[in-house]
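The values are calculated or read from the model by the stated rules, or taken from the named source; none is laboratory data. All values derive from a computational prediction rather than experimental measurement. Here the Cβ is made from the backbone with ideal geometry for all residues, glycine too, and neighbour counts use every protein chain on show. For the accessible areas, the whole protein counts, side chains as well, though only heavy atoms, and no ligand, DNA or RNA atoms are used. Shrake-Rupley method; radii C 1.70, N 1.55, O 1.52, S 1.80 Å.
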Amino acid sequence: MKITVDFRPKLFQSLKSYSGEKFVSDLMAGLIVGIVALPLAIAFGIASGVSPEKGLITAIIGGFVVSFLGGSAVQIGGPTGAFIIIVYGIIQNFGVEGLVIATFLAGILLVLMGVLKLGTAIKFIPYPIVVGFTSGIALTIFTTQMKDLSGMSIDRVPGDFISKWIVYAQHIETVSWETLLTGVLSIAVIILTPKISKKVPGSLVAITVVTVIVYLLREYAGVTGIETIGDRFTINASLPQPGTMSINMETIHLLLPSAFTIALLGAIESLLSATVADGVTGDRHNSNTELMAQGAANIIVPFFGGIPVTGAIARTMTNINNGGRSPVAGIIHALVLLMILLFLGPLTKHIPMACLAGVLIIVSYNMSEWRTFRSLLKNPKSDVIVLTVTFLLTVLLDLTVAIEIGLLIAMVLFMRRIMETTNIYVSTEKLDLSNESEVFHDSEALEIPKGIEIYEIDGPFFFGIANKFDECMKHFGDKPKVRIIRMRKVPFMDSTGLHNLESLCRLSAKENIQIILSGVNERVRNVLMKSRMDEKIGGENICSNIHEAIEKAILFLNK
């Protein structure tokens, strides 16, 4: 079987009709997005457990690759808040080398998803799962920032959610009030900035203003208790040389679950971002190309020490709102960040940690989608179960378990819902033909001769309904001579349903009971033919309508 790869980068399509006017528009958008991405890249890098320049490197290289190869004209790639908890957990358990391998493997998985054209399939992940783990990540990010926001003196913060809050409560007396005030001021500036100007990002204003204030307090007022990036990290203001990684089957087996989580979350977030962007611009992204671009970014970035890359909704919307309409804007955004890293990188050491904590708290609030979460609690019970279980597992255990269990529960509940909508009706004396498309006579009821039972399956004939079909037949004491199975409302049949039907034919033959099928559609008929069921039942016993089936049954009775 020949596999065709759906790889059509938007950049090359856009350049066919590119103009100077479009470049000016993309240039302004790229400059603004680069400035917006600066504090977020630094904050996400530090919160993930790596140095601040690693966050910038991820935004530079990942952002460039996503824009150069991506299937969306306006998508901005880089580190995002959703990966903070995953990355931090991988580093804690497997070290930085483990993160490098997991990100690389995730990139390969993303490329495979794109090659196998799974871009559209990703969109079918139930919405309660997406909201559940997004809200859970938001709460977890908020929790991780309490130490830096308050300046508590804690040697080691535990990994799990509940233990964190227990430790915070035990060290409440060590809160540094000047640090807490710095963090609260940062949050206030971020909230108030849009009320004054929506053009300037609040996070950048907060970092600039608060950093200047803290620097002046430290230099001229002797206030040295507010920790800055330079107190914790050494900034390397240059692009690193590409490194190497050591991969074997043992490390692949160990890190594949984490890689799968990174790949799945990256695919969901990037395609969700691209879909939202399409709704604003009126364009249409290529989901398979986008997945391959995200995969390529995650394959390349770890060699430079970066963290996972995905499409960033907030930065993508900033790009659109400032006139970006082609991938050139995303490439310019990456170049702007590169210039900042090379020429202004050393200045980032003066940024207070509490200020970055404030930025991340606002990010977590925006991620929380608490209004959506609240509205989903009014949905059917199955949605509420999936939502709450995914949320609680994300917070209390980890995202990998949350996604796996959430998907499993969603599938089980979906199958249960399908089973509930599939019914089997049994008729032994009269068959009501009102509201039917098969009516050939004026009467609304069809007399069923003695010795004939009619079973109608209304819905898919799959493994969930097969046992129900067996149980339905056991309720009748006297065995009929003919069983007519009406399948006009069966849209598809799976292997278990087919096996069930074969078993029924075999047992009925032993009891000298004839099976006749009625109203079989083309799709189900093809399944029956491929499995040679027509030979077991008899091709003449697969009828197009109920009247033909009853005529066949009467002929059998008269033999």
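When only C-alpha pairs under 8 Å and at least 6 residues apart count, what is the relative contact order of segment 318-442, in percent?
11
Going by Cα centres, segment 137-209 and segment 341-391 are how many Å apart?
One Cα centre to the other: 12 Å.
What dipole magnitude, in Debye to the nearest 20, does segment 291-398 give about its Cα centre under +1 on Lys/Arg Cβ and -1 on Asp/Glu Cβ?
Value, rounded to 20: 260 debye.
Can you pull out the GluC sites (Glu not before Pro) in segment 482-533 whose DSSP state is coil and whose Cβ has at most 10 other Cβ atoms within 10 Å?
GLU511
Within the chain, which whole H helices from DSSP have a Cα span along their axis of at least 15 Å and a mean Kyte-Doolittle hydropathy of 1.6 or more, if any?
Helices meeting the span and hydropathy rule in the chain are 20-47, 84-115, 327-344, 353-368, 381-396.
Classify segment 167-291 from the C-alpha gyration tensor, please: rounded if a/c falls under 1.5, else prolate or oblate depending on whether a/b exceeds b/c.
oblate
How large is the accessible surface of MET317 in square angstrom, using a 1.4 angstrom probe and rounding to the nearest 10?
Result for MET317: roughly 50 Å² accessible.
Semi-axes, largest first, in whole Å: what does sqrt of 5 times each Cα gyration tensor eigenvalue give for segment 271-405?
Working through the eigenvalues yields semi-axes of 31, 22, 17 Å.
At a Förster distance of 35 Å, what's the computed FRET efficiency of MET245 paired with GLU404, Cβ-Cβ distance as r, to 0.05?
For MET245 and GLU404, the calculated efficiency is 0.85.
Only Cα pairs under 8 Å and at least 6 apart count here; give the relative contact order of segment 21-140 as a rounded whole percent.
About 18 percent, as a whole number.
Could you estimate the translational diffusion coefficient of the chain from the Stokes-Einstein equation, with Rh from the Kirkwood formula over C-alpha pairs, at 4 °C and 1.567 mPa s, in whole µm²/s?
After rounding, the answer is 48 µm²/s.
Could you work out [θ]222 nm for the chain from helices alone, using -39500 (n - 2.57) per DSSP H run of at least four and dividing by all its residues? Round to the nearest 500 deg cm²/dmol.
One gets -20000 deg cm²/dmol as the mean residue ellipticity at 222 nm.
Restricting to Cα pairs below 8 Å that are 6+ residues apart, what does the relative contact order work out to for the chain? Please round to a whole percent.
The normalised contact order for the chain reaches 23 percent.
Counting other C-beta atoms within 10 Å, and keeping those with at most 16, which DSSP coil trypsin sites (Lys or Arg not before Pro) do you find in segment 85-189?
Listed in order of number, the matching sites are LYS117, LYS123, ARG156.
When only DSSP loop residues count, what trypsin sites (Lys or Arg not before Pro) in segment 5-74 have their Cβ near at most 14 other Cβ atoms within 10 Å?
The qualifying sites are LYS16.
Set the Förster distance to 30 Å, then compute FRET efficiency between MET411 and LYS510 from the Cβ-Cβ distance, nearest 0.05.
For R0 = 30 Å, the calculated efficiency reads 0.25.
Per residue, how much accessible area does the chain show when a 1.4 Å probe rolls over the protein heavy atoms, in square angstrom?
47
For a Förster distance of 25 Å, can you work out the FRET efficiency between the beta-carbons of LEU15 and LEU342, rounded to the nearest 0.05?
With R0 = 25 Å, the Cβ-Cβ based efficiency is 0.40.
Using the basic label-point model (7 angstrom from Cα toward the beta carbon), what is the ARG218 to ASN379 distance in nanometres?
That separation, rounded to one decimal, is 4.6 nm.
With a point put 7 Å past each Cα toward its Cβ, work out how far ARG8 is from THR496 in nm, to one decimal.
Those two pseudo-labels are separated by 3.9 nm.
Would you list, by chain and number, the lysines whose Cα falls below 30 Å from the Cα of LYS199, excluding same-chain residues fewer than 8 positions away?
Partners found: LYS10, LYS22, LYS54, LYS349.
Using a simple spin-label model with points 7 Å from Cα along the Cα→Cβ vector, what separation in nm is obtained for LEU256 and ASP458?
Reported label-point gap for LEU256 and ASP458 is 4.5 nm.
Any chance you could run the full-extension gain for LEU555 through LEU112? It's 0.36 nm times the residue separation minus the Cα-Cα distance, nm to one decimal.
153.8 nm
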